[in-house]
Amino acid sequence: MEYQLSSTSMAPLVEISLNNNEEIQIESGAMVYHNAAIKLEGKMSSNGKGGLGGALKALGRSITSGESFFITKASAIGANGKISLAPASLGSIKEILVGQEQWNLNTGAFLVSEGGVHYIMERQKLDGALFGGTGGLFVMKTQGSGKMLISGYGDIVEIALDGTEDFVVDNQHVLAWTESLSYSIEVASGTFGFKTGEGLVNKFRGKGKILIQSRNVEALAQSIIPFIPSKG
């Protein structure tokens with residue numbers, strides 16, 4: 001999978017080139033355009049389980065985690081296949097390499113992956129399931145090897161932890177982290193964070209990497225609510 005990012009940093013567009021028979025998985029709804037050498041196929045995001053059980057599993061994850069019910073496979077059926085993708089939010093696109101390191105992704109971070117990269121949706125621990133914001137009840141765990149592109153609102157910043165201290169990130173800013181890190185989702189301070197206004201945070205431990213987004217989609221939504229006309 002070869003790709004080229006657009007030069008407009010806050011409205012990213014990525015054009016991907018595929019050779020004949022090469023395929024990728026893309027987030028449903030992310031496709032902007034493609035040429036005649038690309039074939040699109042929508043599949044339930046059931047992680048290989050077919051039939052009614054697969055449909056119910058995909059539907060359940062879609063409701064509880066925000067993951068798309070369908071995922072789209074794009075295949076090159078000729079030479080020089082091209083497809084362009086854009087994430088749902090303004091911000092940035094970043095490549096992560098899956099294989100030597102496996103990753104956990106929060107809801108909305110996944111954009112596209114090579115055919116050799118797969119994922120499963122895994123239920124979080126009880127505290128995460130009750131309090132999760134961007135991750136919700138499930139997180140996406142990568143498998144296999146290859147390239148994956150993720151997207152974030154604002155800039156994407158990488159933080160490397162050396163295992164000497166815990167590191168705390170606001171729950172709405174976490175995009176992805178290596179599976180070598182352990183984590184918990186906690187209240188920032190006081191009663192549900194009311195004393196600091198931060199709400200929920202992710203506390204990470206160990207050696208590994210965290211990718212965060214510099215902006216907060218939930219904060220944006222809250223800021224425009226007063227300007228939305230109400231009925232009557």
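Restricting attention to the range 1-20, report how many residues are modelled with pLDDT of 90 or more, β-branched (Val, Ile, Thr) and open to solvent by 60 Å² or more (accessible area, probe 1.4 Å).
Of the residues in that region, 0 qualify.
Checking Met121 against (1) open to solvent by 50 Å² or more (accessible area, probe 1.4 Å); (2) assigned to a strand (DSSP E or B); (3) modelled with pLDDT under 90, only one condition comes out false. Which one?
The one condition Met121 does not meet is (1).
Being open to solvent by 70 Å² or more (accessible area, probe 1.4 Å) and at pLDDT below 80 is the filter here; which residues of the range 202-232 pass it?
The answer is Val217, Glu218, Leu220, Gln222, Ile224, Ile225, Pro226, Phe227, Ser230, Lys231, Gly232.
Determine if the range 131-149 includes at least one residue that is surrounded by 18 or more Cβ atoms within 10 Å (Cβ to Cβ), touching a strand residue (DSSP E or B) at 6+ places or on another chain (Cβ under 6 Å), modelled with pLDDT of 95 or more and under 21 Å from Asn216 (Cα atoms).
Within the range 131-149, one or more residues are surrounded by 18 or more Cβ atoms within 10 Å (Cβ to Cβ), touching a strand residue (DSSP E or B) at 6+ places or on another chain (Cβ under 6 Å), modelled with pLDDT of 95 or more and under 21 Å from Asn216 (Cα atoms).
Out of Ala37, Ala30, Ala76, report the one residue that is modelled with pLDDT of 55 or more, open to solvent by less than 20 Å² (accessible area, probe 1.4 Å) and either among the basic types (Lys, Arg) or touching an Asp or Glu at 6+ places or on another chain (Cβ under 7 Å) (or both).
Ala76
Counting only residues that are open to solvent by less than 10 Å² (accessible area, probe 1.4 Å) and under 14 Å from the mean Cα position of the chain (by Cα), which one in the range 79-97 is farthest from Tyr3 (Cα to Cα)?
Of all residues in the range 79-97, those open to solvent by less than 10 Å² (accessible area, probe 1.4 Å) come to 81, 83-85, 91, 96.
Filter once more, keeping what is under 14 Å from the mean Cα position of the chain (by Cα): 91, 96.
Working: Gly91: 18, Ile96: 13 Å.
Here the residue is Gly91.
Test each condition in (1) at pLDDT below 90; (2) open to solvent by less than 50 Å² (accessible area, probe 1.4 Å); (3) of a type in the set (D, E, K, R) for Glu114 and report the one that comes out false.
(1)
The values are calculated or read from the model by the stated rules, or taken from the named source; none is laboratory data. Given the structure is predicted, the values throughout are model-derived calculations rather than measurements. Heads up, the Cβs are rebuilt from the backbone with ideal geometry, glycines too, and the neighbour counts pull from every protein chain shown. Just the protein is used for accessible areas: all its heavy atoms, side chains included, with ligands, DNA and RNA removed. Shrake-Rupley method; radii C 1.70, N 1.55, O 1.52, S 1.80 Å.
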